[in-house]
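Below: one structure, written as structure tokens.
The values are calculated or read from the model by the stated rules, or taken from the named source; none is laboratory data. Just so you know, these numbers come straight off a predicted model, no measurement behind them. Cβ placement follows ideal geometry from the backbone for every residue including glycine, while neighbour counts extend to all protein chains displayed. Heavy atoms of the whole protein, side chains included, go into the accessibility calculation; ligands, DNA and RNA do not. Shrake-Rupley method; radii C 1.70, N 1.55, O 1.52, S 1.80 Å.
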Amino acid sequence: MDGNGRWATARGKTRLAGHSAGVEVASDVVRYAIKYGIPYLSLYAFSTENANRPKAEVQGLMRLARSAFAKSDKLNEQGIRILISGTPQGLDDDLVRSIGLIEKSTANNRAITVNICFNYGGRRELSDAVNKIIASGVKSVDEQSLRNYMYHGELPDCDVIVRTGGYMRLSNFLIYQSSYSELYFTDTLWPDFSENEFLRVLEYFKGCKRNFGKV
Ligand code: FPP
């Protein structure tokens, strides 16, 4: 969800105002996903690297997360199941508690599963997985069983990854789960991402011939 900062600066607003607008658009996109029958949606809300931003911006993002993770009534009304992927390390205790609570209170919802990657890094997910394997005493894993040690191994691989904001890179996002993802890059800044562009992503994906390495 890249481009919040540039969107805000272009309007003479603070970067945090951009992130607030970004939260609104994220919630719109969840609605589009439900409307068009997408069963799983992952949102990259805060990376382990984002923790190195200026303190005020990090604190602002944490405030937005606190408020988003406190909205279980609204989520339950819409049938939204929330999973959070990321490390609790470095997060305030109350935020870690609210992550546990929102996952628990939305666990039975079935309209869509929204995986919020928060305090998330793909390499960190892999090193956490290796440490879980060592701690469990398991002596070997294969490509599939490795999945069980991810933050949410029950999630399927990503079919298509959308990056807004003009850069063409994955920035440590779901690196195990994106091995065969289709990639959609757009210059649109995240707060400008619209239902029309969501539909363009679906059209793009429909047009992809998926070989998974075969002919
Ligand atoms: C990248 O844009 C965006 C982020 C680092 C944060 C994205 C987060 C949200 C949209 C919502 C947050 C939701 C929760 C639950 C906390 P940027 O700031 O790098 O934009 P720029 O490249 O234009 O500077």
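Quick rundown of the values:
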{"item": "Shape of region 58-215, Cα gyration tensor, a/c cut at 1.5", "result": "oblate"}
{"item": "Inter-label distance for Arg31 and Ala135, nm, one decimal - labels placed 7 Å from Cα along Cα-to-Cβ", "result": "4.0"}
{"item": "Sequence-separation-based contact order of region 29-118, relative, with Cα cut under 8 Å and 6+ spacing, percent", "result": "47"}
{"item": "Chain lengthening between Tyr40 and Leu101 when straightened (0.36 nm per residue, less Cα-Cα)", "result": "20.0 nm"}
{"item": "Other-chain or far-sequence residues with amide H under 5 Å of Gly165's (modelled H)", "result": "Thr186, Thr188, Leu189, Trp190"}
{"item": "Sites Glu49 and Ser145 - FRET efficiency at Förster radius 41 Å, r taken between beta-carbons, to 0.05", "result": "0.90"}
{"item": "Residue-count net charge about Tyr167 - beta-carbon cut-off 10 Å; Lys, Arg +1, Asp, Glu -1", "result": "0"}
{"item": "For the chain, calculated [θ]222 nm from helices alone, where every DSSP H run of n ≥ 4 adds -39500 (n - 2.57)", "result": "-13000 deg cm²/dmol"}
{"item": "Cα-projected label distance for Phe212 with Ile175, points at 7 Å along beta-carbon direction, nm", "result": "2.4"}
{"item": "List Met1, Met150, ordered by accessible area with a 1.4 Å probe, largest first", "result": "Met1, Met150"}
{"item": "Solvent-accessible area of Met168 with every protein chain in place, 1.4 Å probe, in Å² to the nearest 10", "result": "150"}
